[in-house]
Amino acid sequence: MVRNNDDMYSDASRVLLKSWLNDCESSHDVCTYTGQDFLPTRLLDLEDVDTKQIVRVVLSSELKKNTRYVTLSHCWGANVPFQLTTDSIAMMREGFDVAKLPPTFQDAIDVARWADGTFDSCYPGHG
């Protein structure tokens, strides 16, 4: 990705992140919910991030109901530099350069991939 922090990407950090995720999945009812009826409307497919620096928006209706994903809670503030709209969805579904996203989103994608995630619901825009 664009930015890198060696401490954040250490083996110790990865072990800690994995332990947090395992704890979350084993201890929190909301994190272990396996209902077949819920996925966010859209997710970011991160499969091509490592090789092409490209992400694309996918519709949850195109995915298996039990697809695992991670999510980012984010407050945009007054400036929304890159946003999913009816005008931009076709381009975003084809794929776009990660560099178009704000640094916070780039970091979230980086960490999701580093933690072996494929889908991330930190899509830019409204759900």
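Can you work out the FRET efficiency for the pair Thr41 and Phe82, with r the C-beta to C-beta distance and R0 = 22 Å, to the nearest 0.05?
On the way: r = 18 Å, r/R0 = 0.83.
Rounded to the nearest 0.05, the efficiency is 0.75.
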Report summary line: Cα extents of the range 11-120 per principal axis, largest first, Å, are 41, 35, 32
Query raised in the report: What list of ³J(HN,Hα) values in whole Hz, one per residue of the range 75-83 in order, does the Karplus curve 6.51 cos²θ - 1.76 cosθ + 1.60 (θ = phi - 60°) give from phi, with Gly and Pro shown as x?
Result: 9, 5, x, 7, 9, 10, x, 8, 9
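Arranged from highest to lowest average of other beta-carbon atoms within 10 Å per residue, in what order do the peptides 93-105, 14-26 appear?
Highest-to-lowest ranking by the protection proxy: 93-105, 14-26.
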Query raised in the report: Hey, what do the phi angles of the range 15-23 turn into as Karplus ³J(HN,Hα) couplings, whole Hz, using 6.51/-1.76/1.60 and θ = phi - 60°, x for Gly and Pro?
Result: 4, 4, 4, 4, 5, 5, 5, 5, 4
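Read-outs: derived from the displayed coordinates by stated rules, not from any lab. None of the values given here were measured: they were computed from a predicted structure. Note that each Cβ is placed from the backbone with ideal geometry, even for glycine, and that neighbours are counted across all protein chains shown.
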